[in-house]
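What follows is one structure encoded as structure tokens, with my remarks underneath.
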Amino acid sequence: MLQVSSSTVPFASLMALLAISAFATWLQATVGFGYALLAVPLVSFWFAPHDAIVIVFLDSCVVSLLMAGVDRESVLWDDTWRLSIAAIITMPIGAVVLLYVSGATLQLLLAALTAIVAITGLRNSQKLRALSQRWWHAWLAGAACGILTTSIATNGPPVVAYLQRRSLTAPQFRSTLSAVFTITNIVAFVVFLVSGLISNLVFTCSVLALPAVAAGYGCARWTTPRIDAQLYARLTNVLLLGLSAMLLWRGLNPTT
């Protein structure tokens, strides 16, 4: 049975987790995505990569639930269900990767994905025009989302890339993303639980981080109307590039 015990978590690691959780929640609530993209690389500096991935995943479930009710009338349900069903089908593949791939390899994978997302975001800093979509685009993005959800907890990039090219309004973009994340996270939680990946340490850390998640979300609700989200997204992409470089170094030097 899982139990919460703060004595199992080093104080410095806990403080770092709280700060990262609050900041990453603020980011996602501001621009619609980015919690795991920012939190997984940072948390992996304080916890083992496998534990960091599951801790961030559990708290990202809460963030998605908090956001799911906002602008829910703007959710594009056709896209949501296609993306979600495809993701659910491929989730077991990601769980196998997380179970059997080494921490150093996961860090290299995180570094590569973080760099790709950051570079793409910087190149596409201006709003993308709507592009023609084929029927299989949503299914492909959803399948990639499912694998990433249960392997490195960074399920956003393929879904974000797909929805950006739909030329949606900000409420449609944020609410559809949150709906997809909420549905897929529920299924992924079951996959993690069955796979034995939710240890007492992981559960404890995720619960202890919840006040920081709530604080970050509350701050975002107050600051979002007052900041330029596009400028903030560009600065975040620069930060992600730096994080990817650090992860690459750590993945190539796992003993240092």
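Listing for the model above:
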item	result
Subset of the range 147-203 [farther than 16 Å from Asp59 by Cβ and not in a helix (DSSP H, G or I)]	Arg165, Arg166, Ser167, Leu168, Thr169, Ser195, Gly196
Of the criteria (1) open to solvent by 10 Å² or more (accessible area, probe 1.4 Å); (2) part of a helix (DSSP H, G or I); (3) more than 20 Å from Ile85 (Cα to Cα); (4) among the aliphatic types (A, V, I, L, M), which one Val213 fails	(1)
Given (1) without any contact (Cβ under 8 Å) to a residue 12 or more places away in the chain; (2) closer than 24 Å to Ala143 by Cβ, number of the condition Leu58 does not satisfy	(1)
Test: Ala229 is out of contact with any Leu (no Cβ under 9 Å at 6 or more places or on another chain), within 29 Å of Ile119 (Cβ to Cβ) and at pLDDT below 90	yes
Hits in the range 50-82 (condition: surrounded by fewer than 16 Cβ atoms within 10 Å (Cβ to Cβ) and of a type outside the set (Asp, Glu))	Leu65, Gly69, Val70, Arg72, Trp77, Trp81
Pair list, Cβ under 8 Å, 6 or more apart: the range 217-242 residue in a helix (DSSP H, G or I), other residue modelled with pLDDT under 70 and surrounded by 13 or more Cβ atoms within 10 Å (Cβ to Cβ)	Ala233/Gly121; Arg234/Gly121; Thr236/Gly121; Asn237/Gly121; Leu240/Gly121
Condition met for Thr90 (under 16 Å from Ala153 (Cβ atoms), β-branched (Val, Ile, Thr), at pLDDT below 75 and touching a helix residue (DSSP H, G or I) at 6+ places or on another chain (Cβ under 6 Å))	no
Inter-residue pairs, beta-carbon under 8 Å, first on the phi > 0 side of the Ramachandran plot and in the range 28-44, second open to solvent by 10 Å² or more (accessible area, probe 1.4 Å) and of a type in the set (Phe, Trp, Tyr), 6+ apart	Gly32/Phe173
Selection count where residues are closer than 10 Å to Pro41 by Cα and modelled with pLDDT of 70 or more, scope the range 246-256	1
Scope the range 83-104; condition open to solvent by less than 70 Å² (accessible area, probe 1.4 Å), hydroxyl-bearing (Ser, Thr, Tyr) and assigned to a helix (DSSP H, G or I); matching residues	Ser84, Thr90
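To keep it simple, each residue is scored yes or no on (1) over 18 Å from the mean Cα position of the chain (by Cα); (2) within 16 Å of Val43 (Cβ to Cβ).
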| residue | (1), (2) |
| --- | --- |
| Ser151 | no, yes |
| Ala170 | yes, no |
| Thr182 | no, no |
| Val187 | no, no |
| Leu197 | no, yes |
| Cys219 | yes, no |
| Arg234 | no, no |
| Ser244 | no, yes |
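The values are calculated or read from the model by the stated rules, or taken from the named source; none is laboratory data. Owing to the predicted nature of the structure, the values given are computational and were not obtained by experimental measurement. Cβ coordinates were reconstructed from backbone atoms using ideal geometry, including for glycine residues, and neighbour counts include every protein chain displayed. Heads up: the accessible areas ignore ligands, DNA and RNA and are worked out on the full protein's heavy atoms, side chains in. Shrake-Rupley method; radii C 1.70, N 1.55, O 1.52, S 1.80 Å.
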